[in-house]
Amino acid sequence: MNLDEAIRTALDYEGRVHRTYQEAMEKATSEPGKRVFKALCDEEMGHIKYLRERLDEWQQTGRINVKQLGTAVPSREAISQSVEKLQGTVSGDESSKHDTELEMLKRALDVETETSSFYKEMVRTLDADGQKMFARFVEIEEGHQAIVQAEIDCLSGSGFWFDTQEFSLEL
């Protein structure tokens with residue numbers, strides 16, 4: 001796959017992820033859920049804009065200028081504090097109200113994982129500028145996956161935080 005095809009394919013992936021978060025934002029019933037989905041939706045729109053700019057550069061000059069791609073992904077500490085606040089709002093009877101958010105989060109995790117896998121493949125197979133550009137996308141998408149997984153863990157009460165067991169029943 002050449003860089004032109006890679007950027008076009010990335011736009012398809014980012015479009016799918018953006019639509020997933022847009023739909024989730026519209027269906028979410030809780031304010032924390034809506035905020036998480038909106039933040040990720042906005043971030044994905046920034047990715048689409050960035051990729052369109054790179055594609056335009058490529059088509060006009062045959063080169064791309066790998067500009068810094070920012071992210072709104074907070075630190076793990078900030079994610080932890082947000083999830084702790086969310087956990088305080090989810091209890092036995094209320095958890096059923098969050099079934100929609102949980103379904104949408106699981107769907108989001110699937111599309112984020114698929115998108116991240118594509119970016120990893122592009123880093124592995126493209127030349128220098130393509131590798132550099134898509135390496136940043138890998139970092140960001142893995143951050144998105146961490147946020148989504150943390151939200152899933154919180155809503156499902158799995159006892160895990162970033163794939164680490166929070167407690168053990170063993171003595």
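The values are calculated or read from the model by the stated rules, or taken from the named source; none is laboratory data. Everything numeric in this text was worked out from a predicted model, so none of it was measured. Positions of Cβ are generated from backbone atoms using ideal geometry, with glycine treated the same way; all protein chains shown enter the neighbour counts.
Annotations
- Whether a residue is under 29 Å from residue 65 (Cα atoms) and part of a helix (DSSP H, G or I) was assessed, and residue 14 passes this test.
- A residue that is part of a helix (DSSP H, G or I), of a type in the set (Lys, Arg) and at pLDDT 80 or above occurs somewhere in segment 101-114.
- Odd one out for residue 63 among (1) charged (D, E, K, R); (2) loosely packed, with under 13 Cβ neighbours inside 10 Å; (3) modelled with pLDDT of 90 or more; (4) assigned to a helix (DSSP H, G or I): (4)
- Scanning segment 100-131 for residues that are within 30 Å of residue 30 (Cα to Cα) and free of Cβ contacts under 8 Å to residues at least 24 places away in the same chain returns 103, 110.
- Residues being of a type outside the set (D, E, K, R) and free of Cβ contacts under 8 Å to residues at least 60 places away in the same chain - total across segment 11-43: 8
- Whichever residue in segment 139-158 is of a type in the set (Gly, Ala, Ser) and in contact (Cβ under 8 Å) with a residue 40 or more places away in the chain and, among such residues, is surrounded by the most Cβ atoms within 10 Å (Cβ to Cβ): 150
- Which numbered condition residue 72 misses (of (1) modelled with pLDDT under 80; (2) surrounded by 14 or more Cβ atoms within 10 Å (Cβ to Cβ); (3) more than 18 Å from residue 152 (Cβ to Cβ)): (2)
- Selected residue (criterion: farthest from residue 71 (Cα to Cα)) from residues of segment 129-171 that are among the small types (Gly, Ala, Ser) and modelled with pLDDT under 90: 168
- Of all the residues in segment 84-100, those that are β-branched (Val, Ile, Thr) and modelled with pLDDT under 75 number 2.
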